[in-house]
Structures are given as C-alpha cells and as structure tokens.
Amino acid sequence: EDGYFHPERVITREEFLKLVVTAFSIEADGAESAFADVPKDSWYYDYVSTAYALGIIKGIDETHFGAGLAISRADMTVILYQAAKYANIELLQGETDFKDAASIPSYSIESVGALSAMGVVNGFEDGTFRPGENMSRAGSVTVINNTIKGFYNQPGTYQASEALNGYVIVASDG
C-alpha cells in the first residue's frame, strides 16, 4: 500500500499465499477459482486459483477462501506443508507436544507436527503453539525461509556444507 513491508503487521491469507506460491515457483496454467470472495480481477486471483487447483489450499468453507482475513498459525502450517509436499520436500513425522496441543485444530495436527519436527515452526517460550494466533508478516517470511534451505542466483554446481532438508532455489538468467 505504501511501499513498506511493515513486518509487525498481521498477514492476510492471500498475502501469505502469494509469498508461498512465489517462493516455491508454483504454477498451474489455466487454473480457476470458484470462491465467491476471490474475484477474477483481484490481484490474488491467480495465486489462489493455482494453489487451489494443485490442492495446496482449501477455503474456510466450500464457497469462500477467506480473502482479507488474517492467517492463523494453524492455517499457515497447512498451506506451507501442502506447498512443501508439492515441491517434493522430504517431510518429517512429528508430534504436537506443545502445552496447548489439544487446541490445535484436527486439520492442522499433521502439518504442525511435521513442520515443528523440521524446525520450520516453533512454539513460544511458555511451551505453547497458539494455533489461533495471527501470523505477522515477519513471522511468515521466517517460516518460508526456514523451509527453503538455500537460494542461489548464479548458475553452477553447489555443494552443501551439511545435508539440506528443504527446498533449494536456483534462480538465474543463465
């Protein structure tokens, strides 16, 4: 809106999805969305349509994506987990041993456990995960960065100094 990132602000579902789709270079030609809250002329239509067509997202109900709503930590893990699966990232099995594990929605238990086991997401100092808490823009970039283990902008052969369990991006014109 004003050209600044505003890392402390909460991030909306469509903003987070744009970051994920862009970071993972996810594409689906001709994808369409039937969500009532995702008009074809919206800036996020292609991101939502692509992710929906590839099974990365579901709506908040059968006819609504939840555009304009802040994304919760639980929903963030589901989208990131599905994108990682799409990108063929080896996902770990993990337990949701947070103090508030009983409050983690059933649809996100697997994604919270896996991303926690991989070190992509962490709990808070008090041992909770806080699944209903909204994600900040800074937190969203952090979890995506934690999933993508390398970014190289020059063509060539690269050797990791340690085993990488994540998505490595090589982006160059050559």
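Report the residue count in region 58-78 for those that are open to solvent by less than 10 Å² (accessible area, probe 1.4 Å) and not aromatic (Phe, Trp, Tyr).
Residues meeting the conditions: 5.
Please go through (1) closer than 26 Å to Ala28 by Cα; (2) at pLDDT below 95 for Gln82 and return the number of the only condition it doesn't satisfy.
(2)
Could you count how many residues in region 74-92 are over 10 Å from the mean Cα position of the chain (by Cα) and in a helix (DSSP H, G or I)?
The qualifying residues number 3.
I'd like the full set of residues that are more than 13 Å from the chain's Cα centre (by Cα), among the charged types (D, E, K, R) and open to solvent by 40 Å² or more (accessible area, probe 1.4 Å), limited to region 1-57.
Glu1, Asp2, Glu8, Arg9, Glu27, Asp29, Glu32, Lys40, Asp41, Asp46
The values are calculated or read from the model by the stated rules, or taken from the named source; none is laboratory data. This is a predicted model, so every value here is computed, not measured. All accessible areas refer to the heavy atoms of the entire protein, side chains included, with ligands and DNA or RNA removed. Shrake-Rupley method; radii C 1.70, N 1.55, O 1.52, S 1.80 Å.
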